[in-house]
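Input: a single structure, listed below in structure tokens.
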């Protein structure tokens, strides 16, 4: 079966840490959507590692790590990320890339910036990574796929599309792009949907890793302030090429509070000292963009919907440690705030236990685990 890790809020819930922790129990970890707009933070021997393109099972040498067909890949950031991992002593030979994944070109990035600037105050708050334009080309049936980079004429594709847009380009970026493509060719590229299904037939365990989160889903998120892909469980079937019958346990991840990057509605946002204190305590700055995240209390009304639509069976609450020292912690439930007594420490603490039990009761969902720090084993 394919088990799944999905964020239930607006991203940045700590999915990378959970995938890293769970990966020891799986043979394959596979990203099923998104691109280098993701920022999954892991720790190796106390050293912080932020992944954007690469699945979060990469630190587990027994795991095959797959970038699925539903993903989009920026070859330049892919190359930099792999060089970073190799420099930290990580074995990256267990990485496989789908031949059907789409490639982000310099023109997609220029197009992204142009669109945001043109929208002015109505802009979405894009990460400006070219993700949306790449998915747009995919849907328009004029995209560049990984399988195309082995063709001798692939270079002309990039030049042709750049000329069609009329957007400004830095010529060295195209040189860097083609150099990164050559680097990418050295990795294992194949029909990963067949590889995954063969592995499942052989009884191997697969963990699917989502990017972004339910609140940013193209259909169920706060449209139009959403990402360009399906972040829900349906994205697993399409983004990895597996039947719905293959889907197993759904792990849903939510922080003990809520954050959001970019524009869009945020009902529980705190534009005051409490919000600033949560931001500082949780180090809430985008691992991809560096932008300060908007912070607010946990919204159980939204979380109930996310649990329902995703089919979450094992709910994991993260970052309870970021709320240490607060006199009061709140959560929105049925349009009213419920207050909990704060806590000084996150471990073996009655207040934390009461908070978790209260959430479980209001959500009518068993909470499977609680994370109280960034380390792989800081979880109970």
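The values are calculated or read from the model by the stated rules, or taken from the named source; none is laboratory data. From a predicted model like this one, the values you see are computed outputs, not experimental measurements. Here Cβ is always computed from backbone atoms with ideal geometry, including for glycine, and neighbour counts include all displayed protein chains.
Just checking, does segment 67-87 include any residue being over 23 Å from residue 134 (Cα atoms), at pLDDT 95 or above and in contact with a helix residue (DSSP H, G or I) (Cβ under 9 Å, 6 or more places away or on another chain)? There is at least one residue in segment 67-87 that is over 23 Å from residue 134 (Cα atoms), at pLDDT 95 or above and in contact with a helix residue (DSSP H, G or I) (Cβ under 9 Å, 6 or more places away or on another chain).
Going by the conditions given, is residue 371 crowded, with 21+ Cβ neighbours inside 10 Å and either assigned by TED's automatic domain parsing to the domain that holds residue 16 or closer than 18 Å to residue 6 by Cα (or both)? Spelling it out, residue 371 is indeed crowded, with 21+ Cβ neighbours inside 10 Å and either assigned by TED's automatic domain parsing to the domain that holds residue 16 or closer than 18 Å to residue 6 by Cα (or both). Exactly one residue out of 313, 324, 366 is in contact (Cβ under 8 Å) with a residue 12 or more places away in the chain, surrounded by 13 or more Cβ atoms within 10 Å (Cβ to Cβ) and within 24 Å of the chain's Cα centre (by Cα), and it is 313. Scanning segment 201-243 for residues that are in a loop (DSSP other than H, G, I, E, B), over 15 Å from residue 71 (Cβ atoms) and touching a strand residue (DSSP E or B) at 6+ places or on another chain (Cβ under 8 Å) turns up 204, 205, 213, 232, 233. The condition of being touching a strand residue (DSSP E or B) at 6+ places or on another chain (Cβ under 7 Å), modelled with pLDDT of 95 or more and under 22 Å from residue 351 (Cα atoms) holds for only one of 318, 249, 310, 259, that being 318.
A single entry from 29, 72 fulfils the requirement of being under 28 Å from residue 173 (Cα atoms), in the same structural domain as residue 195 (by TED's automatic domain parsing) and under 18 Å from the mean Cα position of the chain (by Cα): 72.
For segment 267-274, the count of residues that are buried (at least 16 other Cβ atoms within 10 Å of the Cβ), within 20 Å of the chain's Cα centre (by Cα) and modelled with pLDDT of 95 or more is zero.
Counting residues in segment 130-139 that are at pLDDT below 90, touching a helix residue (DSSP H, G or I) at 6+ places or on another chain (Cβ under 9 Å) and closer than 23 Å to residue 235 by Cα gives zero.
Take residue 252 and decide whether it is touching a helix residue (DSSP H, G or I) at 6+ places or on another chain (Cβ under 7 Å) and either surrounded by 16 or more Cβ atoms within 10 Å (Cβ to Cβ) or closer than 25 Å to residue 48 by Cβ (or both). So residue 252 passes the test.
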